[in-house]
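For reference, the structure discussed in these notes is given below.
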Amino acid sequence: MGARILIVEDEPAQVELLEYNLKASGFETDVAMDGEEALLRIRESNPDLVILDWMLPGLSGVEVCRRIRADKSTRRVPIILLTARGEEQDRLRGLDTGADDYVVKPYSPSEVIARVRAVLRRAGTALDEEVIEWADIEMDLGAHKVTRGGKNLHLSPIEFKLLRTLIERPGRVYSREQLLDQVWGQDINVEVRTVDVHVRRLRKVLNENGGDDLIRTVRGEGYAVEKNA
Ligand code: CA
């Protein structure tokens, strides 16, 4: 499990190349085939980074970029623009598109991965080799280990992802639908109630050695962990 990357690209072969290489490098991927879909997916699934093609049907990549930056709920997501060699590149250099970086086509997948890592690091997103700490919990993302108060906890992969999602953005309330999307993935058909079942299990494991209940149930909304724990 790694940072979630939204690929916005209309050419299936390019999508396949990016998806394959990002997944092989430990990232999770999501795809939008045009700008409108991209704007929807960004709001719904809150990706860690967007790879955005300049040439899209309908809204151009630059217009999508502008709209992402204009929306308060999405303006902070890092964006890497993909551009064709030629005049676009020159225009891009002189343009304030709001993108964090750009890659010129044809690109090598390893170049894109390197840029993705660099931009994520600059944005302060935890990469897979890192450890996330929150309250008295420590998650070692590389080793897939969790401790609370120094004691090992045994979490299933789903519970691990749930916990990671919640503590990566303390204070943010996730709806059950958002958690389904982020933890189980958008293509999987799971009932919304399943989220409650797994949150219950996660709570039980987190609290097995005592300590405060760290997960907050927000009535009618979903789940969150406190901002200041
Ligand atoms: Ca394209």
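Placing dummy labels 7 Å off each Cα toward the beta-carbon, the span from Ser156 to Ala70 is 4.4 nm.
Taking the inverse of the average 1/r across all pairs of different Cα atoms in the stretch 131-225, what Kirkwood radius in Å do you get? Before the final figure, lay out each step's value.
Working: mean 1/r = 0.0741 Å⁻¹.
So the Kirkwood estimate lands at 13.5 Å.
For the chain, adding -39500 (n - 2.57) for each run of n ≥ 4 DSSP H residues and dividing by the number of residues yields -11500 deg cm²/dmol at 222 nm.
Put simply, the amide H of Asp71, placed in the peptide plane, has no neighbours under 5 Å, leaving out anything fewer than 5 places away on its chain. Using only the alpha-carbon atoms, how far is helix 193-206 inclined from the longest principal axis of the chain? Give it as 0 to 90 degrees, nearest 10. For 193-206 against the chain, the angle is about 60 degrees.
Taking all C-alpha pairs of the chain, those more than 30 Å from each other amount to 28 percent. Using only Cα atoms and rounding to the nearest 10 degrees, what angle (0 to 90) does helix 109-123 make with the longest principal axis of the chain? Between the helix axis and the principal axis of the chain, the angle is about 60 degrees.
Summarising the amide proton neighbourhood of Lys105: residues at separation of 5 or more, or on other chains, whose placed amide H is nearer than 5 Å comprise Thr83, Ala84, Arg85.
Stretching Arg43 away from Glu191 to a fully extended chain increases their span by 51.2 nm, per 0.36 nm per residue minus the current alpha-carbon distance. Beta bridges per DSSP, both residues in the stretch 4-127: antiparallel share near 0 percent. The chain: longest stretch without exposed trypsin sites (Lys or Arg not before Pro) (DSSP loop, at most 15 other Cβ within 10 Å), sites themselves excluded? The segment 86-171 is the longest one with no such site. For the chain, the longest principal axis of the Cα atoms and the long axis of helix 61-70 meet at an angle of about 40 degrees.
Every number in this text was worked out from the coordinates using simple rules, so none of it is lab data. Small disclaimer: the values here were computed from a predicted structure and weren't measured. For neighbour counting, all protein chains shown are included, and Cβ atoms are generated from backbone atoms with ideal geometry for every residue, glycine included.
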